[in-house]
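See below for the structure under consideration.
Just so it is clear, none of the values below were taken in a lab; they were calculated from the coordinates. These numbers come from a predicted model, not from an experiment. Reconstructed Cβ throughout: ideal geometry from the backbone, glycine too, with neighbour counts over all protein chains shown.
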Amino acid sequence: MKRAMCAACAALLAGVAALAGCYREQRPVKAPPAAAGVSQPSFAASADRPAVNRYEENAYAVSQGKTYYRAYNCNGCHAAGGGDSGPPLMDGRWRYGADPASIFTTIRQGRPNGMPAFGERIPEDQIWQLVAYVRSMSGQLRPDVAPARGDTLTPGKPESRRKPQPIKAEAPPQER
Amino acid sequence: MAATPLRYLAGIAGACCAGTVLAGAPGQNALRAAGIQAEHIGWLWNLTLGLCALVFAAVVGAFLLALWRAPKDGAGRPPDLASLTRPERGIHRAVAWATGTCVVLLLLLLGADVVTSRALADLPLRNAVNIELIGHQWWWEARYRHADTSRNFTTANELHIPVGRPVVITLASNDVIHSLWIPNLQGKRDLIPGRTTLLRLRADRAGVYRGQCAEFCGLQHALMALEVTAEPDAAYEAWAAHQRQPAPPPDSDTARRGQQVFLGGTCMMCHTIQGTSAQGRLGPDLTHLAGRRTLAAGTLPNNRGYLSGWIADPHALKEGVNMPANQLPPDDLHALVSYLETLK
Amino acid sequence: MSSDQPTYAPAQDAATLQRTWSDPPGLVGWFSAINHKTISLRFMITTFVFFLAGGVLALLMRLQLARPDNRLVSPDLYNQLFTMHGSTMMFLFAVPVMQAVAMYLVPLMIGARSVAFPRMNAFAYWIFTFGGLMLYAAFFLDIGPDVGWFAYAPLSGPQFSPGKRVDFWAQMITFTELAALMEAVILITTILKMRAPGMSLNRMPLFVWTMLVTSFMVLFAMPAVMLASTALITDRLVGTHFYNPAEGGDVVLWQHLFWFFGHPEVYLIFIPPLGFISSIIATFARRPVVAYPAMVLALIATAFFAFGLWVHHMFAANLPELGKTFFTAASLVIAIPTAVQIFCWIATLWSGHIAWRTPLLFVLAFFVILLLGGLTGLMLASVSLDTQLHDTFFVVAHLHYVLLGGAVFPLFGAFYYWFPKFTGRMLDERLGRWNFWLFFIGFNVAFFPMHLLGLEGMPRRIYTYPKALDWGALNLTATVGALTIGVSVLLFIVNVLRSRRHGAPAGADPWQAGTLEWSVASPPPASNFEQVPVVHGRYPLWLPPGTPDRVTGLTSEHREVLITSVVDAAPDHRLWLPSSSPWPFLCAVAVTILFIGSIFTPWAMVWAAVPVAATATVWFWPKRHMTAVRSASEVPP
């Protein structure tokens, strides 16, 4: 009887913990199956192209994305999300699509109005990690996956504490 | 330190206990001092070992003697309660003498430690070589600093130092706590983010000495080594002068193609090759890569085969590093490696 | 006379007493158990299971390190293995097992019927168990912590350890330290207020002194690590900056806080076995231990000095040299009280009559193994020498010599010594000697080569090493030794399982020892003593009986205990302890949900506090009926 109770307790605990996510904790992560349909350039997200970036469920990958964000100087134009010469990334307004596939295309092929193309410079795997991190900046990721505060000067709340911003499509600025 | 008889005896005791003789270079052995700092510590080690061995022998001897001479008829015997009423002056005195001896020996050890600390701090620093060492997960960035800043240069994972001249290493960390340890030359010092620490050493014998990170720093802590080549001053100055030179332009078509692969792809985002447009600061400086003995912070020998494998898939050799796999067409990889081999 | 009135008949009714003090039967009774012996046995078994788990982890590590460039285990798994091994042995085995054994023996040694706070004792056990289970559940799901048992910031911080692995580790600390603090409070109160009349402080058994001293140390040491780990949790969960240098924090703060706990922690592990050794040597040398006052003062001095050593774990950091030398001096000075104790024990053996039995064998190993470990500790105490030896396998050798020699060997001796009291059966002597010699030889084969490996340049916490450095032979030797230790532990388990059924019956006092626990049956009845004894000297069973001999007037129909004064143990008043209750278990479940929930969200502190408050309220709510009966039993002076 005692043994059955102990086994049941252990199984219950294990089940609860399993629900909490094993993939979240794997590290280092092998390249995940990429999102669907990203070989086409895209200038807007649309309902018939759902895209899932599996890295969004892995805390290590998102934290690597944050490392690359600083390393490749994304904050040179986007600051720490508040925007500078580039648009802010921590709000809900997206010009070229907020889904992972669109963000991937943005980084890889660049966009009009000044976003450079990094496809030749940053390996695809790392771009996917950057995509996951960029989405965490507006609170789109689960709090237990999104990065907590970095060991740096910290403007504002850590990504894991940001409320998900409602996504609004926004027209890109007109060239004059 | 003068070779007193005590030191000689302690040295014999130390050698007897030092165990297996190490073959193979480069050395990574605290018992084989190749520099003054490690020698000071080695002296203290010999003294401490000698004293501790004596104490161990004495106490275990007394213990075994007690067991040997006490009658073994205790089973079932009524207890001896004399000590509850009469104080055992003789025994108390013996314990007090033994304790007093320990106090004296401990004071001796403390004194020896203070003397050694003083000696380590008193390293003359005239004409020192200044190196700024920055720890990364999981490699070492070395910036040689000179009063004349035009003579500064940067390298990675392998240091050269002159024999007989002091070296002042300023330690900083880019991410987590690391620790620099070159056992043949000096004790270790931590690299702590947010702080600058200092290590002073001097090599007194030429040779190649291996050091390793000695503070757990994550996944590949085990594969974060560094090589220190101590060579005569003239050879060191020649090496340093060469390190200051930018990379020569590639001389063959294959190498030129390799340079294009390097500059046109992902490599230049992270690596620097002086004399080209590659000025990335995230990974090791590759300007004189071909002159190094190892790759990946002492993990792999630096030859064509390992270099190609490292570039194609570093994670097969050192899982978890920040360097990505590079799926290059075989011709491009061949050209790239040929180019890197020109970076002497 | 109403049936509610308790009776005070002079002859205690053993059956009534047994009924009063026993826990209820059945499944609900199993969760409601609060008898200190029941909880202690559960605690001992749970900590021993963790010991076995930690041992298996160590064997896996040794198999990986047996050959150079081995890839038996991935780097990530290896980092989890040594983190789990260290955390298990330090937090889930070494300190709790000492408290568990004390929880069984201390009331028996001081002539008390129970511990002071039996329900809190049960709560502490459940909290500890749930914390350990949580950590192992995380490990088995491959989300175990991988930052070392010491979890230095910033590696354990939010940037370099993403995800929840380190949070499970930090919360395990909260669980285990809460349990340890509670056990310490219980032990201090029991020892100071519940001793049998006549057992003044200078007649207390030396083991009880060690537990008193250890428990005070727990009160001062545990809060430091709880503070450190809580600051780490808030850094990771809500973005505080305790360990973030860029925003004014300091990574060395973690080291100070952790080692301020971490050094006393090893003395928490080391001091109770000093009590085991005193008990066992007195019994098997057939004489009281030499110089009792010196032994007690040595214990107290060790406890004080232990709090002044912590920086010797940080000699490689850039702290001021003069400050470091102070800690060298302190680390050398703490050898003196231990030396006094060792000399007194050797003097006891010298002037005694030896009975060669397995408990004594394990205790004798202390004099070789701990002595060697202590001497290598003196080597590590010196700043300059430590800069070569710190974070190498030399330290691994040192710590295992002091922890196994100083704690685990005496602990095994204690198991062989008190197993007859716990179970009523003797452990097999022949298996015991095989157990001992395999353990002793295996231990030295495993750990002595590590001194050499450290001197030859091998750092700690590396999952592999290159062939060219010629460390393979010594590592292989160490692995063979580790496997031998595994075999010896298996022999111990076999011995225990066989002797439980088929061991020779022990009787009350198989060793003809002198302390009070040997005056009751084996295993003891639920109330420990049918009549509380009166004590007239140290080693009461060796002295002729004095008068008065027993305490009369305590009722056997309620859980009544005698509370005595702190120094002289003069009777002070009577106290009724609570009856068995499932609410400590339920409150522990609620607290577990709060702790585990707060790994994922700070709101758990708010929402999960409700069931904690509810269960705690029901736990503490007095029963009207019992209050009435107790008040009616009060007799005017």
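Brief remarks on what is shown
- Rounded to whole Å, sorted largest first: equivalent-ellipsoid semi-axes of region B:192-344, Cα gyration tensor: 27, 21, 15
- Note on chain C: lysine pairs with Cα distance below 30 Å, sequence gap of 8 or more or different chains, count 5.
- Antiparallel bridge percentage (DSSP; both residues within chain B; nearest 5): 70
- Taking the Cα centre of region A:58-171 as reference, the dipole from Cβ charges on Lys and Arg (+1) and Asp and Glu (-1) amounts to some 320 debye.
- Stokes-Einstein translational diffusion, the protein assembly as shown - Kirkwood Rh over all Cα pairs, 1.306 mPa s, 10 °C, in µm²/s: 49
- Kirkwood-type hydrodynamic radius, region C:498-591: 16.4 Å, calculated from all non-identical alpha-carbon pairs.
- Per-selection Rg to Rh, chain C - Cα, Kirkwood hydrodynamic radius: 0.97
- Principal axes of chain B: Cα extent on each, largest first, Å: 97, 50, 39
- Between region C:350-377 and region B:207-247, the alpha-carbon center distance in angstrom: 48
- Given charges at Cβ of Lys, Arg, Asp, Glu: region A:58-171 dipole, positive-most of A:62, A:117, A:136: A:136
- Inter-chain shielding of C:388-396 (mean C-beta neighbours from other protein chains, 10 Å cut-off): 5
- Along region C:499-504 the Karplus relation, 6.51 cos²θ - 1.76 cosθ + 1.60 evaluated at θ = phi - 60°, assigns HN-Hα couplings of 6, 4, 8, 10, x, 5 Hz to successive residues, with x for each Gly and Pro.
- Candidate aspartates and glutamates for bridging to residue A:163, where Cα separation is under 19 Å - those fewer than 8 sequence places away on the same chain excluded: A:56, A:57, A:91, A:99, A:144, C:235
- Evaluated at q = 0.22 Å⁻¹, the base-10 log of the normalised Debye intensity for region C:32-132, with identical point scatterers placed on the Cα atoms, takes the values -1.03.
- Residue B:179 long-range amide H proximity, modeled H, under 5 Å: B:191, B:214, B:215
- Point-to-point label distance, residue B:344-residue A:109, nm (Cα→Cβ direction, 7 Å offset): 4.7
- Cα centroid of region C:429-503 to Cα centroid of region C:295-311, whole Å: 30
- Ordering C:228, C:264, C:72 by Cα displacement along the dipole of the protein assembly as shown toward the positive end leaves C:264 in first place; charges were set at the Cβ atoms of Lys, Arg (+1) and Asp, Glu (-1).
- Kirkwood analysis of the Cα pair distances in region A:58-171 returns a hydrodynamic radius of 13.9 Å.
- FRET E, pair residue A:165, residue C:483, Förster distance 41 Å, beta-carbon r, rounded to 0.05: 0.10
- About the Cα centre, charge dipole magnitude for region B:111-195 (Lys/Arg +1, Asp/Glu -1 at Cβ), debye: 220
- Taking amide H positions as modeled 1.01 Å from N, with prolines and chain starts lacking one, the residues under 5 Å from residue B:224 and 5 or more places away or on another chain are B:213.
- For region C:150-164, Karplus couplings with θ = phi - 60° (6.51, -1.76, 1.60), whole Hz, Gly/Pro x: 9, 6, 4, 6, x, 4, 8, x, x, 7, 9, 10, x, x, 10
- With Cα atoms, 0 to 90° folded angle of helix B:253-264 axis to chain B main axis: 70
- Distance from the alpha carbon centroid of region C:563-637 to that of region B:32-98 works out to 49 angstrom.
- Each of residue A:23 and residue A:85 was given a label point 7 Å from its Cα along the Cα-to-Cβ line. The distance between the two points is 3.8 nm.
- Between the amide H of residue C:550 and those of C:534, distances stay under 5 Å, these residues lying 5 or more places away or on another chain, with hydrogens modeled in the peptide plane.
- Placing a pseudo-label 7 Å from each Cα along the Cα-to-Cβ vector at residue B:121 and residue B:170 gives an inter-label distance of 2.1 nm.
- In terms of packing, defined here as the mean over residues of other Cβ atoms within 10 angstrom, the peptides C:22-29, B:188-195, C:589-596 line up highest first as B:188-195, C:589-596, C:22-29.
- Here, region C:242-396 is characterised by an Rg to Rh ratio of 1.07, where Rg is the alpha-carbon radius of gyration and Rh the Kirkwood radius.
- Residue separation of residue B:58 and residue B:251 scaled by 0.36 nm, minus their Cα-Cα distance, works out to 62.3 nm of gained length.
- Residue B:107/residue B:39 FRET efficiency (R0 25 Å; Cβ-Cβ; nearest 0.05): 0.55
- Exposure proxy ranking, count of Cβ atoms within 10 Å, fewest first, for C:214, C:464: C:464, C:214
- Summing Cβ point charges (Lys, Arg +1; Asp, Glu -1) relative to the Cα centre of chain C gives a dipole of roughly 1260 debye.
- Phi angles of region C:63-77 translate, via the Karplus equation with coefficients 6.51, -1.76, 1.60 and θ = phi - 60°, into HN-Hα couplings of 5, 5, 8, 5, 10, x, 6, 6, 10, 4, 10, 6, x, 5, 5 Hz per residue; Gly and Pro are given as x.
- Cα long-axis angle, helix C:393-403 against chain C (0 to 90 degrees, to the nearest 10): 10
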